[in-house]
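The values are calculated or read from the model by the stated rules, or taken from the named source; none is laboratory data. Source: prediction; values computed, not measured. All Cβ positions, even for glycine, are placed from backbone atoms using ideal geometry, and neighbour counts span all protein chains on display. For accessibility, only protein heavy atoms count, side chains too; no ligands or nucleic acids. Shrake-Rupley method; radii C 1.70, N 1.55, O 1.52, S 1.80 Å.
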Amino acid sequence: MIIIGELINASRKAIKAAIEAQDASAIQKVAEDQVAAGADYIDVNAGIFVGKEPEYLRWLVQNVQEVTDKPCAIDSPDPHAIEAALSVHQGSPMINSISLEKERYEKLLPIVAGKDMKVIALCMSDAGMPQTVADRMKIADELVGGLLKNNVSVENIFVDPLVQPLSVDKTFGVEFINTIEKIVATFPGIHTACGLSNISYGLPARKFMNQTFMTMAIAKGLDGAIINPLDGRMMATIIAAEALSGRDNFCMNYLKAFRAGYF
Amino acid sequence: MTVKEIFDAVLAFDEATVTGKTQAELDGGTDIDAILNDGLISAMDEVGERFSSGELFVPEMLMAAQAMKAGLAILKPHLSAGQSQSKGVVVIGTVKGDLHDIGKNLVSMMMEGAGFEVVDLGVDVESEAFVKTAAEKNAQVIALSALLTTTMPSMESTVKAVKEAGMATRTIIGGAPVTQAFADQIGADGYSADAPGAVKLVKELVA
């Protein structure tokens, strides 16, 4: 599982305060903790700072990469902010995210075209939020097709089929996981990723629901997740589900996690 | 007595009983206003209270609203002009650039459940559309939703457009990244963190 650590997001109070105070060590601590917990990418988001987003996003990338070799997931729809972050980024970054919304697509495509970057492709278009497998596949076909045509390699694409809350429609869980299965079958070599906590909006015991949903999505082929890697129960769930899905040779990761005290 | 049973059936999310009892009360000559206000609408008020207190969850709020609407459908053909007038008109939508509709739909549904006439403009709504529709419908309140930090500025421009149009219509805002502080900053007339809260807010604003 490719873990994208979600904690460095300015919509969280502590991060907002650290950015405003330009407190590099506070940001670096959150980055280091996530890497130690197993993050492969460190997401950076400064979206709440209208006008200052490029400057802050660049500052976040610089400071995160001072303490870790891991690449960042640059979390913004604004090409200027992304370019500012990329100007200092070391290694192969991830762009979070492009979608089929016309404006966003046209602005972000030139950034990723022909480059060795990972990109999250969110199944959303100007027609609104997709609900069914067919809605999502229609967007995914067009979006992935467009990326491939613009020389983004299939291995660099992470399709996010868009999680919607189960509380408002009983089919939203199953339609999502069935889309994962179809995407993996349709585009060999592609990745999938999602932030999945939206599934439990409006329901109690959200963590329990999120973990169960993660297990089901992994069974269908999900191999990327935007999560809090410091959530030990979620990490344990991922490790067990991956072993059960046949992706853990000799259960080595499962055993390693056991010895590290995850279970 | 049995208007209370309609109230209870809404709170039990029991659509069949709500329609059965509503029809029976109507046939028995019970005052329509009593069925509507003391049965259906006050039940939705109670649902809102229980949701806000954490006792009920979103799916239960949806089921209650569905049951309430089924009862309302029975009463509607019998509501004469002037009788059981709507409590006010609310124009609602998700602001320009934002396609999220779930929160907006929950608010819209609870407003209807409280007896307001709701004009739902959908998602990605231009500020001019809010202003134009509110003027046409003589709306008391415009309710704006946004789920992205990147679309919150569209709330500001819409609130500004309403003020510039010189309308008396009040504006309220909500959505995951939105706060009371942001409402104050852009000069909106109110903010709520959840759907029942938004209903309360509108009641205060139209009172």
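Assuming R0 = 56 Å, can you tell me the calculated FRET efficiency for the pair A:D116 and B:D33, based on Cβ-Cβ distance, to the nearest 0.05? The computed FRET efficiency comes out at 0.20. For region B:89-206, the solvent-accessible area works out to 39 Å² per residue, with a probe of 1.4 Å and every protein chain left in place. Note on the protein assembly as shown: dipole from Cβ charges, positive end direction compared against A:S167, A:M137, B:V95; the farthest Cα belongs to A:M137. With N as its number of residues, the protein assembly as shown has a Cα radius of gyration that, divided by 2.2 N^0.38 Å, comes to 1.08.
Residue by residue along A:45-51, Cβ atoms of other protein chains within 10 Å of the local Cβ number 2 on average. On the beta carbon distance between B:L26 and B:E55, with R0 = 35 Å, the FRET formula returns roughly 0.70. For the residue pairs A:K102/A:K149; A:K170/A:K207; A:K70/A:K115; B:K137/B:K160; B:K69/B:K132, the C-alpha atoms sit more than 21 angstrom apart in B:K69/B:K132.
Let me test this: with uniform point scatterers at the alpha carbons of chain B, what is the Debye-based log₁₀ I(q)/I(0) at q = 0.10, 0.13, 0.14, 0.15 1/Å? Log10 I(q)/I(0), no solvent term: -0.43, -0.70, -0.80, -0.89.
Computed on the Cα trace of region A:1-91, the radius of gyration divided by the Kirkwood hydrodynamic radius gives Rg/Rh = 0.92. With chain B treated as a Gaussian network of Cα nodes joined by springs under 10 Å, which of B:K76, B:K160, B:K87 yields the largest mean-square fluctuation? Greatest mean-square fluctuation among the candidates belongs to B:K76.
Under a 10 Å cutoff between Cα atoms, tell me which one of B:S157, B:S145, B:S80 has the largest fluctuation in the Gaussian network model of chain B. Maximum fluctuation in the GNM of chain B, among the listed residues, is at B:S80.
At an R0 of 56 angstrom, the distance between the Cβ atoms of B:K137 and A:D69 translates into a FRET efficiency of 0.45.
Once C-alpha pairs closer than 8 Å and six or more residues apart are averaged by separation and normalised to the residue number of region A:90-136, the relative contact order reads 43 percent. Do any trypsin sites (Lys or Arg not before Pro) in region A:145-241 lie in a DSSP loop with no more than 14 other beta carbon atoms within 10 Å, and if so, which? Filter output for region A:145-241: A:K170. The apolar share of the surface of region B:2-78, taken as the fraction of accessible area on carbon and sulfur atoms (1.4 Å probe, ligands and nucleic acids excluded), comes to 53 percent.
Calculate one ³J(HN,Hα) per residue across region A:168-182 by plugging θ = phi - 60° into the Karplus curve 6.51 cos²θ - 1.76 cosθ + 1.60, and present them in order as whole Hz with x for glycine and proline. So the J values, rounded to whole Hz, are 9, 7, 5, 8, 5, x, 6, 5, 5, 5, 5, 5, 3, 4, 6. Any idea what the relative contact order of chain A is, in percent, if you count C-alpha pairs under 8 Å spaced at least 6 apart? Averaging sequence separation for qualifying contacts and normalising by length gives 16 percent for chain A.
Compute the signed sum of charges (Lys and Arg +1, Asp and Glu -1) over the other residues within less than 10 Å, Cβ to Cβ, of B:L11. Here the count lands on -3.
Per-atom-type breakdown for region B:89-206 gives carbon and sulfur 51% of the accessible area (1.4 Å probe, protein chains only). Under the convention that each Lys and Arg Cβ holds +1 and each Asp and Glu Cβ holds -1, the size of the dipole of chain A around its Cα centre is about 560 debye. From the residues B:A12, B:A24, B:M63, which one has its Cα farthest along the dipole of region B:1-75 in the positive direction, the dipole being from +1 and -1 charges on Cβ of Lys/Arg and Asp/Glu about the Cα centre? The residue sitting farthest along the positive end of the dipole is B:M63. Applying the Karplus relation 6.51 cos²θ - 1.76 cosθ + 1.60 with θ = phi - 60° to region B:75-80 yields 3J(HN,Hα) values of 6, 3, x, 9, 7, 7 Hz, where x marks Gly and Pro. Amide hydrogen proximity for B:V141: with H placed 1.01 Å from N in the peptide plane, the residues at 5 or more positions away or on another chain lying under 5 Å are B:V89, B:V91, B:R170. Taking amide H atoms as placed 1.01 Å from N in the peptide plane, the amide H of A:I95 lies under 5 Å from those of A:I74, A:K118, A:V119, A:I120, each 5 or more residues away in sequence or on another chain. With bins 5 Å wide beginning at 0, the percent of Cα pairs of region A:147-263 falling in each bin runs 2, 11, 20, 21, 19, 13, 9, 4, 1, 0. Dividing the mean sequence gap of close Cα pairs (under 8 Å, 6+ apart) by how many residues chain B holds gives a relative contact order of 18 percent. Relative to the compact-globule estimate of 2.2 N^0.38 Å, the Cα radius of gyration of region B:2-78 comes out at 1.02. Taking max minus min of the alpha-carbon positions on each principal axis, chain A gives extents of 45, 42, 36 Å, largest first.
Model label points for A:D126 and B:K69, set 7 angstrom from Cα along the Cα-to-Cβ axis, are 2.9 nm apart.
Label-to-label distance, B:A12 versus B:E204, with points set 7 angstrom from Cα along the beta-carbon direction: 3.5 nm. The contact between chain B and chain A removes approximately 1200 Å² from the accessible area (both sides summed; 1.4 Å probe; ligands, DNA and RNA excluded).
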